[in-house]
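The values are calculated or read from the model by the stated rules, or taken from the named source; none is laboratory data. As the structure is a prediction and not an experimental result, all values here were calculated from the model. A quick note on method: Cβ atoms are made from the backbone with ideal geometry, for glycine too, and the neighbour counts reach across all protein chains shown. Note: areas computed on protein heavy atoms with side chains; ligands, DNA, RNA excluded. Shrake-Rupley method; radii C 1.70, N 1.55, O 1.52, S 1.80 Å.
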Amino acid sequence: MRILLTFTGFHDPYSKGLVGEDEQPGPVLSLLQARTFDLVYLLSTPNTERNTAATAAALKERVELKVVALPLQDPTDYAAILKHLRSITGTVVEEFPGAEYFISVASGTPQMHACWVLLATSGEFPARILHIRPPRFVTADRDLV
């Protein structure tokens, strides 16, 4: 089983593109167009509830989803972010032992990204970190993911 965990952000599910102001798929949708997962955890904060709901609606027919609301009043508070992520990742590993875990660091605050990197590189959460490159930086030598 392949499981993705990701925060949703202000560019999810869609964002304005550079060309003609057309809407482009945001980081979460872009990742799910490039890779497949059996289950996706969308992590929502009070400021991104609308983005999370819209992202979930856009994905509901494509993949199994679990939306997790994190009551982070300050999305830059490292200690609070780590506390919530440790709880969520512990539950995921307990519920789905032996699964392949992936983390997307394209959405969320830099502090959220740092906490994901800490959990993954320390081995506390055995996940592979994925990053979606903005489309304008994708080249033959630089893949989307």
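Report in % the part of the accessible area of the chain that belongs to carbon and sulfur, leaving out ligands and nucleic acids; probe 1.4 Å. Intermediate values should be presented prior to the final figure.
Values: 4110 of 7920 Å².
The nonpolar share, carbon plus sulfur, comes to 52 percent.
Could you tell me the center-to-center distance, by alpha carbons, between the range 86-103 and the range 7-66 in angstrom?
21
For the range 34-102, give the magnitude of the charge dipole about the Cα centre (Cβ charges: +1 Lys/Arg, -1 Asp/Glu; no others), in debye to the nearest 20.
Numbers: 7 positive and 9 negative charges, 30 e Å.
I would put it at about 140 debye.
Over the heavy atoms of Asp143, what accessible area does a 1.4 Å probe trace out, to the nearest 10 Å²?
100
Please return the longest range in the chain lying between exposed loop sites, taking GluC sites (Glu not before Pro), DSSP loop only, at most 10 other beta-carbon atoms within 10 Å, and leaving the sites out. The partial results should precede the final answer.
Details: sites that count: Glu21, Glu61.
Between the exposed loop sites, the longest stretch runs 62-145.
Could you give the length gained by full extension between Ala54 and Lys83, i.e. 0.36 nm per residue of separation minus their alpha carbon distance, to one decimal place?
Working it through step by step, the gained length comes to 7.8 nm.
Quick check on the chain: of the DSSP beta bridges with both residues there, what percent are antiparallel, nearest 5%?
Working: 3 of 23 bridges.
Percentage antiparallel, nearest 5: 15.
So what is the accessible area of the range 7-113 per residue, in Å², with the probe set to 1.4 Å? Walk me through the intermediate numbers first.
On the way: 5630 Å² over 107 residues.
Per-residue accessible area for the range 7-113 comes out at 53 Å².
Only helical DSSP H runs with n ≥ 4 go in: add -39500 (n - 2.57) per run for the chain, normalise by residue count and round the 222 nm mean residue ellipticity to 500 deg cm²/dmol.
That comes out to -10500 deg cm²/dmol.
Work out, step by step, the length gained on full extension between Thr139 and Lys16: first 0.36 nm times the residue separation, then minus their alpha carbon distance; give nm to one decimal. Provide the component values of the computation, followed by the final result.
On the way: separation 123, 0.36 × 123 = 44.28 nm, distance 2.02 nm.
Length difference between fully extended and current span is 42.3 nm.
In what order, largest first, do His113, His131 sit by accessible area if the probe radius is 1.4 Å?
On the way: His113 50, His131 95 Å².
From most accessible down to least: His131, His113.
Could I get the Rg over Rh figure for the range 27-67? Both from C-alpha atoms, Rh via Kirkwood, rounded to two places. Spell out each step's value before the answer.
On the way: Rg = 9.8 Å, Rh = 10.5 Å.
Dividing the radius of gyration by the Kirkwood radius yields 0.94.
Regarding the range 75-127, what are the three Cα extents along the principal axes, ordered largest first, in Å?
Sorted from largest, the Cα extents of the range 75-127 read 31, 19, 18 Å.
Please give the charge dipole size of the range 7-73, origin at the Cα centre, charges +1 on K and R Cβ atoms and -1 on D and E Cβ atoms. Round to the nearest 20 debye. Could you put the intermediate results ahead of the total?
Working: 6 positive and 8 negative charges, 30 e Å.
The calculated dipole for the range 7-73 is roughly 140 debye.
How big is the range 45-145 on each of its three principal axes, counting only the C-alpha atoms and giving the largest first in Å?
The principal-axis extents, from largest down, are 39, 32, 29 Å.
To the nearest 10 Å², what's Val68's accessible area with a 1.4 Å probe?
Its accessible surface works out to 40 Å², give or take rounding.
Taking 10 °C and 1.306 mPa s as the conditions, I'd like the Stokes-Einstein D for the range 14-97 in µm²/s, using the Kirkwood hydrodynamic radius from alpha carbon pairs. Write down the numbers at each step before the final one.
Working: Rh = 14.4 Å.
Rounded, D is 110 µm²/s.
How far is it, in nm, from the label point at Glu23 to the one at Ser122 when both lie 7 Å from their Cα along the line to the Cβ?
3.9
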